[in-house]
Structure formats: structure tokens, C-alpha cells
Amino acid sequence: MPRQTDVIDVAAGILVDGDRVLISERVGGGPFQGMWEFPGGKIEASETASAALVRELGEELSIDVATFEPFMALEHRYSDRHVRLQFFLVTEWTGDVQSAEQQALRWVRRGELRHVDLLPADQPVIDALNRCLKES
């Protein structure tokens, strides 16, 4: 388990399909098992956030990311860890989205995100996402 001072860098993808976004359920028996999050994962020491995004979404969702752009960055402190998240809007990909790591996947309308048990670190994304996508 990471020490409280450890910082974990994460790249997360917000797959957008019209008014819907993709979320995935946390698995693995940790404290957040059963909660929902935007798919992604840890950025390895030798890679950029965008490279981690492409790798993680390929591993988790069996897709090849084609078009994405930086969306927002934020930090969140949990009781046992500090995460730095870089979120990307993913608007084009090839392949059918499917769970490659046994996690449940759901397409959720943006307006329904508030009613989903989303990880605390992902909560600030909801308002920013609604503002951004309404303007476009």
C-alpha cells in the first residue's frame, strides 16, 4: 500500500459518444471496489500521460485511441494516497469497447453522472464536463 506521501500519477479517458460517457467499475478488492471511475491507469515512469492513456485504454477496453485532447488535471488526497490525475476527452477510437479486465462498463448520459457512485477524485470532472460539452 502506498505511503501517505506517495503521489500516484494517473491518466484517465473520458470516452464521449454523443451525450454519453463511459465509466468503469473498480475491481480488485480495494477500498473503492464497486465504485465507478473514468477508465485509465497509472502513468509509468518512462511514459507521457498521453502514452499512458493510449496504453491503458488499449489494455482495459480493447480499443485503439484515435482522437483525444487534454481536458483537465487535478489532484486528490485520499487517506492513504495522493493522486494526480490527467483527464483526456476521447472522441474517436477503433475497435468495440469491451471489458478486457473483468470490470463492468456503463455508458451513462452526462446528466446522470451525479447519480452514480463515482470515485471522489473523479467528482470535479462532472461540472467541467457538462460545461465543456454544452458549449460545443
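The values are calculated or read from the model by the stated rules, or taken from the named source; none is laboratory data. Note that the coordinates shown come from a computational prediction; the quantities given were computed from them, not determined experimentally. Positions of Cβ are backbone-derived with ideal geometry, glycine not excepted, and every protein chain shown enters the neighbour counts. For accessibility, only protein heavy atoms count, side chains too; no ligands or nucleic acids. Shrake-Rupley method; radii C 1.70, N 1.55, O 1.52, S 1.80 Å.
Quick grid of which residues meet (1) among the hydrophobic types (A, V, I, L, M, F, W, C); (2) within 14 Å of residue 38 (Cβ to Cβ); (3) surrounded by 12 or more Cβ atoms within 10 Å (Cβ to Cβ):
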position: 62; (1), (2), (3): no, no, yes
position: 77; (1), (2), (3): no, no, yes
position: 90; (1), (2), (3): yes, yes, yes
position: 95; (1), (2), (3): no, no, yes
position: 101; (1), (2), (3): no, no, yes
position: 108; (1), (2), (3): yes, yes, yes
position: 112; (1), (2), (3): no, no, yes
position: 122; (1), (2), (3): no, yes, yes
position: 130; (1), (2), (3): no, no, yes
Original post:
Counting only residues that are in contact (Cβ under 8 Å) with a residue 24 or more places away in the chain, open to solvent by less than 70 Å² (accessible area, probe 1.4 Å) and more than 15 Å from residue 97 (Cβ to Cβ), how many does segment 17-35 have?
Top reply: 4
Original post:
Does residue 66 satisfy being touching a residue at least 12 places away in the same chain (Cβ under 8 Å), surrounded by 12 or more Cβ atoms within 10 Å (Cβ to Cβ) and over 13 Å from residue 15 (Cβ atoms)?
Top reply: no
Original post:
Can you tell me how many residues in segment 76-99 are assigned to a strand (DSSP E or B) and either in contact (Cβ under 8 Å) with a residue 40 or more places away in the chain or aromatic (Phe, Trp, Tyr) (or both)?
Top reply: 12
**OP:** Taking only segment 42-60 into account, find how many residues are within 21 Å of residue 17 (Cβ to Cβ) and either open to solvent by 50 Å² or more (accessible area, probe 1.4 Å) or of a type outside the set (Asp, Glu) (or both).
**Re:** 6
**OP:** Taking residue 66 as the residue in question, decide whether it is touching an Asp or Glu at 6+ places or on another chain (Cβ under 6 Å), among the hydrophobic types (A, V, I, L, M, F, W, C) and over 21 Å from residue 119 (Cα atoms).
**Re:** yes
**OP:** Output the residues belonging to segment 54-75 that are in a strand (DSSP E or B), under 23 Å from residue 126 (Cβ atoms) and not charged (D, E, K, R).
**Re:** 65, 67, 68, 70, 71, 72, 73, 74
Subject >> Every residue from segment 97-112 that is at pLDDT below 90 and touching a Lys or Arg at 6+ places or on another chain (Cβ under 6 Å) >> reply: none
Original post:
Of the numbered conditions (1) closer than 22 Å to residue 47 by Cα; (2) modelled with pLDDT under 95; (3) not hydroxyl-bearing (Ser, Thr, Tyr), residue 115 satisfies every one except a single condition; which is it?
Top reply: (1)
Original post:
Going by the structure shown, is residue 39 surrounded by fewer than 16 Cβ atoms within 10 Å (Cβ to Cβ), modelled with pLDDT of 95 or more and closer than 18 Å to residue 124 by Cα?
Top reply: no
